[in-house]
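Undergrad: Pasting a structure below so you can have a look.
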Amino acid sequence: MLILYLRAPFGAYRPFVAGSYRPTAPFVTPTGAYGLLLNLAGIESRLHVVKLAATAMRNDLPGAKMAIGKLGEPTVSRLLQQLHNYPVGNTGKERAPDTKGGKYNIQPIARELLVGIEGYIGLDGNKDLENRVRLGLARGLAASQRNGRPRYGIPFLGDNSLMIDIIEEAQNEQWPMRPAQWYCRLSEGPQDNGPRPGTCRMTTWIDRNDMSRTRSALFAPSDPISSIPEEAWVHVGPLT
């Protein structure tokens, strides 16, 4: 088992939505944490196929169990920005001369942003991936390589401008785990126990080219505890 401590000033984990309001999940999602650990391990997750409209995920990525626990409650803030695009049809064409060849369909949108992220990411069930993450942390990201070439990119939290302050292994004799609220998977059916505070839907696998293969589940944070409850562990990665 590997447990990482994470602290960052900002983060954003957006569901698949369109429109003028872009929300975020209330904390780091299993898929977001999975992508972060693949980055630390120096494992390329993207399948580069030119004919696909969206970036596909490789189907040979390592599977594992993950758990997400938060320390405190991040603040949900909102910011406004301009969304520029080339519309289908004639929408907004009267603005085209003003933009001098740029994208002329402009509208304001609101985006949610998590402020003050602190918590734990648990990884279990895949010793090779655990060791690669430890090696990436020990060597430093610049030293990680794949196929003999330096790996590009740095870790970020949901958006490529949201950097991390601290990420390091947490569970050891010098630094015991603090009580955290672990996001536990809820049952969805007649056997469930009704609504719980903080219930949200989080993704456990994303397929951008076939949304029917994207997996998600309902989660709710536990009371603060110093160990990871069994209900917090969820499988991430392709299904075999």
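No value in this document is a laboratory result; all are computed from the given coordinates. Predicted model, so just to flag it, every value in this text is computed and none were measured. With ideal geometry, Cβ positions are generated from the backbone for all residues, glycine too; neighbour counts draw on all protein chains shown.
Undergrad: Full extension from Tyr21 to Ala110: what is 0.36 nm times the residue separation minus their Cα-Cα distance, to one decimal in nm?
TA: 31.6 nm
Undergrad: Would you kindly give the portion of the calculated P(r) for segment 58-121 that falls above 14 Å, as a percent of all Cα pairs?
TA: 73
Undergrad: Rounded, prolate or oblate: which fits segment 14-115, taking a ≥ b ≥ c as square roots of the Cα gyration tensor eigenvalues, rounded meaning a/c under 1.5, else prolate when a/b beats b/c?
TA: Working: a/c = 3.35, a/b = 1.51, b/c = 2.22.
Verdict is oblate for segment 14-115.
Undergrad: Separate question: Using only Cα atoms, find the angle between the long axis of helix 127-139 and the longest principal axis of the chain, and express it within 0 to 90 degrees, rounded to the nearest 10.
TA: 70
Undergrad: Give me the angle, in degrees from 0 to 90, between the Cα long axis of helix 30-41 and the longest principal axis of the Cα atoms of the chain, rounded to the nearest 10.
TA: Tilt relative to the chain: about 80 degrees.
Undergrad: Separate question: Please return the longest range in the chain lying between exposed loop sites, taking chymotrypsin sites (Phe, Trp or Tyr not before Pro), DSSP loop only, at most 11 other beta-carbon atoms within 10 Å, and leaving the sites out.
TA: That gives 17-151 as the longest site-free run.
Undergrad: So if each residue of separation counts as 0.36 nm, and I subtract the Cα-Cα distance between Arg58 and Glu94, what length gain in nm does that give? Intermediate results must be reported in sequence, preceding the final value.
TA: Numbers: separation 36, 0.36 × 36 = 12.96 nm, distance 4.25 nm.
Fully extending the segment from Arg58 to Glu94 adds 8.7 nm.
Undergrad: Exactly which trypsin sites (Lys or Arg not before Pro) in segment 73-138 are in a DSSP loop and have at most 16 other Cβ atoms within 10 Å?
TA: Lys100, Lys103
Undergrad: Restricting things to alpha carbons, find the Rg to Rh ratio for the chain using the Kirkwood radius for Rh.
TA: On the Cα set of the chain, Rg over Rh gives 1.00.
Undergrad: Given an 8 Å cut-off on Cα distances and at least 6 residues of separation, report the relative contact order of the chain as a percent.
TA: 31
Undergrad: Hey, what did segment 15-123 get for relative contact order, percent, Cα under 8 Å, at least 6 apart?
TA: That works out to 35 percent.
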